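Here's the structure we're looking at; comments come further down.
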Amino acid sequence: MSPEPETPKPPSANEGLKAASNFLRGSIARDMRDNSTGAISEDNNQLTKFHGLYLQDDRDLRGERRRQNLEKAYMFMLRVRLPGGRCTSQQYLVLERLADERGNGTLRLTTRQTFQLHGVLKGNVKPLIQGMHTVLLDSIAACGDVNRNVMAPPNPERSAVHQQVYELARGFSEFALPKTRAYHEIWLDDELAAGGESEEEPLYGSTYLPRKFKTGFAVPPSNDVDLFSQDLGFIAIVEHERLAGFNVAVGGGLGMSHGNAETFPRLADVIGFIPPDKVTDMGAAVITAQRDYGDRANRKHARLKYTIEDRGIAWFQAEVERRAGFRLEPARPFQFTRIADEYGWHRGADGSWYFGLFILSGRIKDTPSQRLKSALREIAQVHEGDFRLTPSQNISISGVSDAGKPVIEAILSKYGLAAQNRQSALRLNALSCVALPTCGLALAESERALPPLLEKLEQVLDECGLRDEVINIRMTGCPNGCARPYLAEIGIVGKAPNKYNLYLGARYNGTRLNRLHAESLTPDQIVETLAPILRSYALERTPGEQFGDFCTRTVLTKSAGAPLAATA
Ligand code: SRM
Ligand code: SF4
């Protein structure tokens, strides 16, 4: 493996765009003022991502709009930046109101611990961002070729170490923010820096990173943030109840394209140990190494995982150590045993309570059968602590006092949510991405297809006596992997309308990828394929054997599916 780049290929169009954008300004402001269309130009669409905004259209309406000769039903999705998923009650209430006034009335909790607002019409974008600003929320770098929302275990009150790790994650998020004033100028009407003073991006440079970059912090034994899927992961090493430091993991990533073997999910490699005060130096070294060596010609090959695959992990580690100015120590022992959220009431080390509430696919809305949005609003109106968004699209009502606990309990009961956490273990361990109708990349349904699929699988589980058996299932509408399906014991990945690939055999703690088991199945065929495997699992598993391990031992040895990239 050579550390030197091969013959340079021409940079992708996005590189020229970033370079010419004057630090992410482009002509976004002008496009947003243009009332003749609900859209913005494709160039500006690439740039608004760095501001946390995506141009989308309602795909359910495409056919009808085409028939009527109308432009697509354009609208924006806004993703909030929320390091470690922390949000105060006041911030929650403002976001919820803004979702009603400026969006489609729902809030969507994401797999990276933040909120998305969908259905925001062009004229509503600026008031939305200004409304968020009143409670000190922003969407800077929630998307784009930069370090994205930094993940950390929710509920820092669990221990002093959790709190310390949360603070470090938050600090790293601030450190890695783009320094351009473009966001403030365009959305918050700050004075134009264009008047004279020059800007610079000390960490990123004027073309930012070759591609998105994701950082997560985990505190074993919980791997709730899916550490090995991150470009950069910090695994807390706790010794004598104190934070000794972190094992550093690099090069995780899940996105792939069907039929393109050069794209694949990859688990991060653990390269060594650092003390806590070296987090920023290490992060800067990894980010700048990827900035300088990542592929800027081919965006499908531009994530850190490919830089490492191409050049080798030993080369990458040496490069990072050279930049950081210190050597990593040997990695220290750690063990991940679980990945799911903690549901129900728990008492933190600081004496406060927190309540983990399951929310299917993270969608907060009122339906005729469940008024989840009203319930959370009422809780936020009286709750003195904060909310913590989890990496599994759930919410934790956090920092509850002894006196506040019965009040929250009464609201949960009033809205029928007390039983929310007593559903099948499969459902409580289910994730799905958004997909249709908003995601422009969806090949199949996901969020809307998950509930009926779960119902059918639950019938099978009931027949086998497996209702309370923890099995994780993750569904996406395309192979990009937004619900991290390749780390699920049952992974379901959209291929075409109503057709999915079925992956089996990941390890429950997020340390082994699954493998392709069957292709192009309808949801009913998925149930038919899984039913006999679940029945055998009920009868033939060894003591304590989890479903992913069972599939690897039995089913996958017979299946034709090719192994996917690395396993841990
Ligand atoms: Fe994602 C693109 C939604 C987590 C890999 N993702 C998208 C877009 C923005 C579609 C687009 O580019 O037009 C989706 C918007 C849909 C919509 O209508 O809201 C989208 N991704 C999501 C969310 C909301 C899924 C969810 O249901 O929770 C998650 C938001 C996270 C956040 O708050 O920042 C989300 N996306 C992920 C994850 C999981 C993670 O980060 O832990 C992954 C896999 C990990 C990884 O990055 O390798 C992921 N999203 C992608 C990719 C493939 C990237 C790649 O390297 O190939 C794309 C497409 C792309 O970047 O070209 C993508
Ligand atoms: Fe869209 Fe695909 Fe991500 Fe689902 S996995 S949200 S369909 S990009």
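The figures follow:
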item	result
Span from the the range 478-555 Cα centroid across to the the range 46-100 one, whole angstrom	31 Å
Helix-derived mean residue ellipticity, 222 nm - over the chain, DSSP H n ≥ 4, -39500 (n - 2.57), to 500	-9500 deg cm²/dmol
Point-charge dipole on Cβ atoms (K/R +1, D/E -1) for the range 272-338, about Cα centre, debye to 20	280 debye
Beta bridges by DSSP in the chain, antiparallel share as percent, to the nearest 5	80 percent
G245 long-range amide H proximity, modeled H, under 5 Å	I237
In order through the range 328-339: 3J(HN,Hα) via Karplus (6.51 cos²θ - 1.76 cosθ + 1.60), integer Hz, x for Gly, Pro	6, 7, x, 4, 9, x, 7, 9, 9, 10, 9, 9
DSSP beta bridge pairing in the range 134-243, given as percent antiparallel to the nearest 5	25 percent
Spatially close lysines, pair count over the range 195-320: Cα under 17 Å, gap of eight or more or interchain	4
The chain, dipole about Cα centre (Lys/Arg Cβ +1, Asp/Glu Cβ -1), debye to the nearest 20	880 debye
Which of G171, P153, Y208, positive extreme of dipole for the range 112-242 (C-beta unit charges)	P153
Charge dipole of the chain about the Cα centre (unit charges at C-beta), most positive-ward option of P479, G251, L24	P479
Relative contact order, percent, the chain [alpha-carbon distance under 8 Å, six or more residues apart]	13 percent
Segment E540-A496, length gained on full extension (0.36 nm per residue, minus Cα span)	12.4 nm
Check: the range 440-568 dipole with +1 on Lys, Arg Cβ and -1 on Asp, Glu Cβ, in debye	520 debye
Vicinal HN-Hα couplings computed from phi for the range 11-19 (Karplus, 6.51 cos²θ - 1.76 cosθ + 1.60; Hz; Gly/Pro x)	x, 5, 4, 4, 5, x, 4, 4, 4
Spacing of the two label points (7 Å from each Cα toward its C-beta) at R66 and R327, in nm	6.2 nm
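Readers should treat all values here as calculations from the given coordinates under stated rules, not as data from a laboratory. What you see is a predicted model, and the numbers here were worked out from it, not measured in a lab. Note that we place each Cβ from the backbone using ideal geometry, even for glycine, and neighbour counts take in every protein chain shown.
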